[in-house]
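Right, one structure below, let's go through it.
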Amino acid sequence: MKRLLVLLCFLLLAAGCSAAAAETVAAFSPENPRVGDYVDVAVTPGREDPQEISWELFIGEEKSITYKPVSKDPDNGRHLTASFRPRQEGEYTLRVTVSWGKEDTETVEITVPVSGFAPAQENPDVVYSQKDGWWYKKKYSSKRDLQKAGCAIFALSHALQRMGISDAAVAPDALAKTYSYYYVEGRGTYNAGLIGKAAADYDFLTQKDLLTTEKEIADSLRRGDLLSFSIVDGHIALADGVSGDGTKVHVVDSAPGATYERITSPESIFSLSEDGTYTEAAAPSLLPGIRWFFETREYGGTDYWMDIGYCARRGMRLIRQQWLKAETEEGLRGVSVEYVGALVTKVGRDKAAWRVPTRNLVISGRDAHAPRIAMVTAKKGTYLKDGNGRRITGKSVIKRNYMVLLLSSDEDSYYAWWDDAFGYLTPEDVTVLPAAPESFATGVIVSGRATVHLNPDKKSTGLAEWKKDTPVAVADKQDSYYLVEGKGLRGWVHEKYIQLDKSEENDAKDTEGSSKDGQKIDEGK
């Protein structure tokens with residue numbers, strides 16, 4: 001009998017231990033969620049290797065969300081962490097059922113009190129989750145909501161906020177109302193039109209041609225540009241950085257599930273480890289910190305790294321903040337450029353145009369600096385080219401002695417602006433001009449048509465003819481010829497055609513709010 005009692009006690013103890021071990025636990029954060037917050041739930045099963053996990057969410061007595069595993073789920077229904085975003089205040093009940101077999105399940109319930117309203121997601125590092133359930137009733141077109149069709153809008157919002165524009169007007173739902181006409185049923189968003197119109201509205205630059213070479217993409221991202229691109233067919237994402245070695249692009253993706261569903265080479269996607277190494281992420285669940293939303297059965301927005309070769313093959317659309325800035329009455333502001341010179345550059349803003357000393361301009365970006373100017377010296381001129389050496393679409397030859405503005409340079413190429421386009425130049429085709437002096441003479445063409453010569457000789461090659469009143473800046477003088485700049489061209493003009501500004505006149509202009517060295521309104525000349 002004694003031995004039987006001992007055995008019975010042992011069995012009861014074992015059963016108690018087994019029951020304790022089988023207890024499933026669920027917890028949520030933050031502790032006091034608000035409407036619009038991400039509520040993250042973690043489930044700890046009482047036993048190892050559960051086969052399925054189901055989720056049910058109630059608001060009061062009303063069931064709000066039900067998730068049961070489906071065959072297309074890449075993780076086969078075994079999500080031990082999940083999230084949701086409450087859309088109204090109230091007391092939520094979350095019921096989680098863990099299954100180890102058809103008749104072997106455990107259910108746990110937790111109460112999630114939701115009160116107050118979270119502020120809108122607006123900051124330079126925001127990553128929106130397009131398919132988290134929050135956007136499913138927020139319209140993009142008459143037939144589509146943002147959750148289903150808004151990827152290009154989310155990418156644009158990511159870009160604008162990374163440029164420091166953070167207000168309600170650049171939230172995805174506001175942008176969707178503003179630009180809904182760029183959505184074409186059956187085709188998706190016309191991204192070229194969307195970015196082009198937003199560039200005009202938000203004062204950034206873009207261009208018709210996509211960036212399709214690794215060199216262009218890496219150089220562009222190093223300068224602080226952003227790139228919107230069709231990461232897979234039917235889905236748009238944003239690139240906002242490049243790895244130190246230039247082999248990987250940093251991507252902000254509002255709907256990574258769409259990318260993984262359609263990509264033909266998932267080995268092109270990487271996560272970055274704390275030790276600085278990159279690890280292939282062949283499934284979204286392998287991206288650190290990614291959320292999975294049980295309401296929509298979708299992964300939330302996240303960032304990761306992609307092989308730059310893949311991005312180049314897709315083509316990327318430029319989003320460049322105002323790259324050149326000049327001092328205005330409102331301070332240092334972005335300006336457009338009509339022509340450049342080593343001494344004087346003509347810029348414009350708000351329908352006004354004026355000429356400023358080039359040394360006073362600032363090329364913005366991650367390595368802001370004063371401009372450098374190069375002059376074309378190739379006898380037959382040269383062309384702006386892309387990273388593969390192909391001519392930029394629609395841009396004619398840059399003729400001899402015309403000047404271009406250099407944004408950056410390396411051993412085998414210069415990256416330059418000319419005639420509202422950006423591209424590469426061969427160093428052998430140009431000569432970098434010395435820095436402009438602190439002061440220099442200015443003047444105008446005073447009679448007839450003045451011939452601009454290649455050399456200080458009337459028999460020298462004529463480069464152009466300038467009309468009366470064309471403003472010039474003087475770089476040098478040799479005998480009876482001045483080396484002058486005008487309209488983006490540098491050459492020699494006989495002194496009889498030039499009237500220099502008198503010093504007292506310049507001083508007077510300076511006291512009136514303009515200054516010497518050609519910093520006056522140009523009146524379109």
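The values are calculated or read from the model by the stated rules, or taken from the named source; none is laboratory data. Just so it is clear, the structure is predicted and the values come from calculations on it, not from any experiment. All Cβ positions, even for glycine, are placed from backbone atoms using ideal geometry, and neighbour counts span all protein chains on display. With ligands, DNA and RNA removed, areas are computed over all heavy atoms of the protein, side chains included. Shrake-Rupley method; radii C 1.70, N 1.55, O 1.52, S 1.80 Å.
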(request) For residue 296, indicate whether it is over 26 Å from residue 410 (Cβ atoms) and buried (at least 20 other Cβ atoms within 10 Å of the Cβ). (result) yes
(message) Return the pair list, or none, for Cβ contacts closer than 6 Å from residues in region 145-169 that are without any contact (Cβ under 8 Å) to a residue 12 or more places away in the chain to residues that are surrounded by fewer than 24 Cβ atoms within 10 Å (Cβ to Cβ) and not hydroxyl-bearing (Ser, Thr, Tyr), at least 6 apart or on different chains.
(response) 145/138; 145/139
(message) Out of everything in region 387-399 that is in contact (Cβ under 8 Å) with a residue 60 or more places away in the chain and open to solvent by less than 70 Å² (accessible area, probe 1.4 Å), what residue ends up being farthest from residue 475 (Cα to Cα)?
(response) 387
(request) Considering each of 171, 159, 149, 176 in turn, give the residue that is open to solvent by less than 30 Å² (accessible area, probe 1.4 Å) and under 13 Å from the mean Cα position of the chain (by Cα). (result) 159
(request) May I ask you to verify whether residue 332 is modelled with pLDDT of 95 or more and part of a strand (DSSP E or B)? (result) no
(message) If a residue must be free of Cβ contacts under 8 Å to residues at least 12 places away in the same chain and open to solvent by less than 40 Å² (accessible area, probe 1.4 Å), how many such residues does region 466-488 contain?
(response) 0
(request) Restrict the check to region 311-319 and report whether at least one residue is part of a strand (DSSP E or B), modelled with pLDDT under 95 and not hydrophobic (A, V, I, L, M, F, W, C). (result) no
(message) Which count do you get for residues in region 428-454 that are of a type outside the set (A, V, I, L, M, F, W, C), modelled with pLDDT of 95 or more and closer than 30 Å to residue 410 by Cα?
(response) 3
(request) Name every residue in region 415-439 that is in contact with a strand residue (DSSP E or B) (Cβ under 6 Å, 6 or more places away or on another chain) and either within 23 Å of residue 355 (Cα to Cα) or open to solvent by 40 Å² or more (accessible area, probe 1.4 Å) (or both), in order of residue number. (result) 416, 417, 418, 431, 432, 433
(message) I need every pair where a residue in region 408-422 that is modelled with pLDDT of 85 or more has its Cβ under 7 Å from the Cβ of a residue that is among the basic types (Lys, Arg), sequence separation at least 6 or different chains.
(response) 408/223; 419/395; 421/395
(request) Please find, within region 268-298, the residue that is modelled with the lowest pLDDT out of those that are out of contact with any Phe, Trp or Tyr (no Cβ under 9 Å at 6 or more places or on another chain) and closer than 14 Å to residue 247 by Cα. (result) 276
(request) Name the strands (runs of 3 or more DSSP E) wholly inside region 336-439 in which the number of residues that are under 26 Å from residue 471 (Cβ atoms) is 2 or more. (result) 336-339, 344-349, 352-357, 372-376, 403-409, 414-418, 430-432
(message) Step by step: first the residues of region 84-115, then only those that are in a loop (DSSP other than H, G, I, E, B) and within 42 Å of the chain's Cα centre (by Cα), then the one that is surrounded by the most Cβ atoms within 10 Å (Cβ to Cβ). Which residue is that?
(response) 86
(request) From (1) at negative phi; (2) touching a Lys or Arg at 6+ places or on another chain (Cβ under 8 Å); (3) open to solvent by less than 50 Å² (accessible area, probe 1.4 Å); (4) in a loop (DSSP other than H, G, I, E, B), pick out the condition that doesn't hold for residue 456. (result) (2)
(message) Can you tell me which residue is farthest from residue 443 (Cα to Cα) among those in region 354-367 that are open to solvent by 10 Å² or more (accessible area, probe 1.4 Å) and out of contact with any strand residue (DSSP E or B) (no Cβ under 6 Å at 6 or more places or on another chain)?
(response) 366
